[in-house]
Amino acid sequence: MKYTSLVTLAMASSAYASTIIAPTGVILNTSGTVLNPIIDTINGSGFDNGDELLLETGDAVPGSLPGHYYIYNTGYRQFNDATATIVFDLGGSFNVESVILYNYAEAGSSPNRGINTVDIEFSTDGGLNYTSTQATTFSQGVISGTDVLGENVSLASTVNDVTHVRFSDMVNFGGTNSNITGFQEIRFVGTAAVPEPSSTALLGLAGLGLLALRKRHS
């Protein structure tokens, strides 16, 4: 019984609930004209209405997403550039499950400028190489009162051990006033990647199990 309890405890310690992942850095590569600094999409510049949550790394994923306070000229906006890419540094290694996006929303302007579809790529080696491309679709941005509403969009499949996420081939909703593409704020959702146990750790666990067995039979 004691041996079983030890193994169960060891297994449980490697399981973590999904939490917010706030990027610690972001780089925009584009030849187009940028209207707002890309850093505004990760620094919580719109979560400043006094009672708004910042959605920091490690925070529980709220059942209802907090509003992103609407401020003119915040977030990422640029004239369309088919070659533009955005790289988000997650500041660690995570198993990424979904993307929380506060899409483009500007009072008096067309929501067509938000990101409709995007190819999301993932790096597990510090941003050197990207694989596991997933085409992802978002909804048009909506303003409710003074807040931009966000959505939590699940990936087609969880990607493990991610250090960097790259957006490419960003396409807006077309139509009127669609010469600009952008979004307000972004977060990811997932769990901290757990390193594979080393041989030493496994031997230590085995030793604990043997010790428990000896105590049981003594």
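Before moving on, here are some points about what is shown:
- Here the mean projected area of the convex hull built on the C-alpha positions of region 26-90 is 5.3 nm².
- Cα→Cβ-extended label distance, 7 Å offset, between L35 and A82, nm: 2.2 nm
- Full extension of the chain segment joining L54 with V142 gains 29.8 nm, where the gain is 0.36 nm per residue of separation less the Cα-Cα distance.
- Annotation: per residue accessible area for region 70-123 equals 30 Å², rounded to a whole number [probe 1.4 Å, protein chains only].
- Electrostatic bookkeeping for V96 treats Lys and Arg as +1 and Asp and Glu as -1; over the other residues with beta carbon under 14 Å from its beta carbon, the sum is -2.
- Rounded, prolate or oblate (a/c below 1.5 giving rounded, otherwise prolate when a/b exceeds b/c) for region 39-194 by Cα gyration tensor: oblate
The values are calculated or read from the model by the stated rules, or taken from the named source; none is laboratory data. As the structure is a computational prediction, the values presented were derived from the model and not from experiment. Quick reminder, even Gly has a Cβ in these numbers, built from the backbone with ideal geometry, and neighbours come from all protein chains shown. These accessible areas exclude ligands, DNA and RNA; they are computed on the full protein's heavy atoms, side chains included. Shrake-Rupley method; radii C 1.70, N 1.55, O 1.52, S 1.80 Å.
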